[in-house]
Structure formats: C-alpha cells, structure tokens
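Engineer: Attaching a single structure in structure tokens format; questions to follow.
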C-alpha cells in the first residue's frame with residue numbers, strides 16, 4: 001500500500017493550528033532535553049523547527065489570501 005503524505009495545504013485551518021501547538025510543545029520538550037544533556041537525536045530539533053515553519057507559512061498564506069479576497073469585495 002503506498003504511503004500518502006499530507007501537506008499543510010491539504011489540512012483545514014483548525015487542524016493546522018492544533019498541529020502547530022503540538023509541534024511547539026514538542027520543540028520545547030526537545031530543548032529541555034538538549035539543555036539537560038538527555039537528548040539522543042539532535043535532528044529532532046531541526047525537524048520540529050521546520051514543521052513549525054511550514055504550518056506558520058501556510059497559516060500566513062491563508063491570512064493573506066483572505067485579506068486579498070476582502071479587498072476585492074470592497075473594490
């Protein structure tokens with residue numbers, strides 16, 4: 001069975017916000033582990049930061065799109 005990947009653009013806004021909160025929490029926990037010296041896989045920090053950036057970028061793109069649609073309505 002082929003593995004399907006879900007991108008941020010495929011998700012609804014509520015799901016993106018939920019996943020963003022989860023990733024921020026994960027990043028916080030990884031930073032604590034890093035500070036205490038118990039972090040085994042340092043690549044997790046990078047992947048968490050990248051996921052956060054992906055979700056924030058998608059949210060911002062949707063925000064801009066909504067603002068442009070509103071501006072089009074007023075014109």
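Engineer: Which residues, taken from the stretch 28-42, are in a helix (DSSP H, G or I) and exposed (fewer than 10 other Cβ atoms within 10 Å of the Cβ)?
Structural biologist: Answer for the stretch 28-42, where residues must be in a helix (DSSP H, G or I) and exposed (fewer than 10 other Cβ atoms within 10 Å of the Cβ): 35, 36.
Engineer: Find all pairs meeting these conditions: Cβ atoms under 8 angstrom apart; at least six residues apart or on different chains; first residue within the stretch 34-59 and without any contact (Cβ under 8 Å) to a residue 24 or more places away in the chain and at negative phi; second residue outside any helix (DSSP H, G or I) and surrounded by 13 or more Cβ atoms within 10 Å (Cβ to Cβ).
Structural biologist: 45/39
Each value in this text was obtained by applying a stated rule to the coordinates, not by laboratory testing. Predicted model only: the values in this text are computed from it and were never measured. Reconstructed Cβ throughout: ideal geometry from the backbone, glycine too, with neighbour counts over all protein chains shown.
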